[in-house]
Amino acid sequence: MVQFAMKIATYNVNSIRIRLDVILAWLEKHQPDVLCIQETKCQDELFPALILSSTGYHLHYRGMKSYNGVAVLTRVAPDEVFYGFDDQLPEIDDARLMRVVVSGIPVINTYVPNGFKLGSPQYKYKLQWYGRLRNYFARHLSPDRPALWCGDMNVAPEPIDVHSPEKHLRHVCFHEDVRRAYRQTLSWGFVDVFRHLYPEKQLFTFWDYLRPSSLEKNKGWRIDHILATRPLAEKCRQVDVDIEPRRAPRASDHTFLWAEFDV
DNA sequence: ATGGTCGACTCTCGA
C-alpha cells in the first residue's frame, strides 16, 4: 500500500543567478519534494536566497567564486546537512558534494569533476574522486537502507547513453576508465533508476553548447543521474526529463531529470 | 587538428 509519493529531481543550472527564473518556474510546475542543483557558480553571500525562500522551499547550499557550487531545495526541512568529503582532501569539494537527510532518507548531491582531458591531472582527480565517493558511501550509508544519489556525474554509463559512442571512446565522460570508475562506485549498492525502469530506452540530459545544432539533431548525452539503493529503487515508479534546454524559459545545456517513488 | 558557445570575471578559464 502506498503511503506517500516522493519526487526528486536534479538539474545542472550553470549559474543559479542567471537561471533563477528557470528554477522558479520548474518548482512551481512540478513541486518536487527535493531538487538537487549543481554548478550554481555563486558564493554563498551572493546566493539568491531571499527570492528562492519565497517558494516555501528550504534552501541549503555551498558555493565558491565562478565555479562549482551545489544546492538542495527541500519541501520539508532536512534533519541534517553535510558538505564535502570527510577524508581530509581539498575543501574545494565542499562545493561539489553535499548530503542532506530528508524524512529520514539520506540524499547525496554531487557535481563530479569534468576531467578536462584524458591523461590530464584533472582526469586523474576525477577517477580518484569516484574512489573517494565509494568510500564515503561505505562510511555513511547502508545498501540495505533507503538512500538517494543524484547529480551531474559527468559519465555516460553505456553506449546507448551518448550519441555516436564510437566517436567518444577517448572522451573524459565516456572513456572505458571513467565508466569503470563510475561502475565501481555504483556497485557499492546504488541502482540507476532510469536504466532500471527502462532497460532499452535512450534519453539524454545534456546537449553540448559547443555544438550548437546538437539539440536539433538530438546529439546528446545522459550524464545526469538519479540512483537509489535497492530497497528504494524497487519503489521507483517513473523517471523522465523535462524542459527542452536552449528554448524555454532560458537557454541551457542540461535539462531537469526527475524520479518519483512510492515510499 | 580545430573551433564552436556560454557564464563568471578579468582580459581568461572552465565546461
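Rule-based calculations on the coordinates, nothing more; no lab input. Just so it is clear, the model here is predicted, and its values are computed rather than measured. All Cβ positions, even for glycine, are placed from backbone atoms using ideal geometry, and neighbour counts span all protein chains on display.
Comparing mean-square fluctuations of A:TYR61, A:TYR182, A:TYR123 from a GNM of chain A with C-alpha springs under 10 Å, the top value falls on A:TYR123. Each label was represented as a point 7 Å from its Cα along the Cα-to-Cβ direction; for A:ASP240 and A:HIS196 these points are 2.0 nm apart. Quote the FRET efficiency, to the nearest 0.05, computed for A:ARG247 versus A:LEU118 with a Förster distance R0 of 51 Å and r equal to the Cβ-Cβ distance. Between A:ARG247 and A:LEU118 the formula returns 0.95.
Diffusion coefficient (Stokes-Einstein, Kirkwood radius over C-alpha pairs, 10 °C, 1.306 mPa s) for chain A: 86 µm²/s, rounded to a whole number. Can you bin segment A:84-235 into rounded, prolate or oblate? Criterion: square roots of the alpha carbon gyration tensor eigenvalues sorted a ≥ b ≥ c, rounded for a/c under 1.5, prolate for a/b above b/c, oblate for the rest. The shape class here is oblate. Summarised in one figure, the compactness ratio Rg/Rh of segment A:164-205, Cα atoms and Kirkwood Rh, is 1.00. One Cα centroid belongs to segment A:1-45, the other to segment A:111-182; the line between them spans 22 Å.
Remark: for residue pairs A:LYS167/A:LYS217; A:LYS126/A:LYS219; A:LYS29/A:LYS201; A:LYS167/A:LYS219; A:LYS117/A:LYS167, the C-alpha separation exceeds 19 Å in A:LYS126/A:LYS219; A:LYS29/A:LYS201. Computed from phi, the 3J(HN,Hα) profile of segment A:249-263 under the Karplus parametrisation 6.51, -1.76, 1.60 (θ = phi - 60°) reads x, 8, 3, 7, 10, 9, 10, 6, 10, 9, 9, 10, 10, 8, 9 Hz, with x in place of Gly and Pro. Let me make sure I get this right: for segment A:11-50, a, b and c are the square roots of the gyration tensor eigenvalues over alpha carbons, sorted descending. Under 1.5 in a/c it's rounded, otherwise prolate if a/b > b/c, else oblate. Which is it? Since a/c reaches 1.5 and a/b is larger than b/c, the shape of segment A:11-50 is classed as prolate.
Along chain A, the longest continuous region that contains none of the GluC sites (Glu not before Pro) in a DSSP loop with at most 14 other C-beta atoms within 10 Å is A:1-199.
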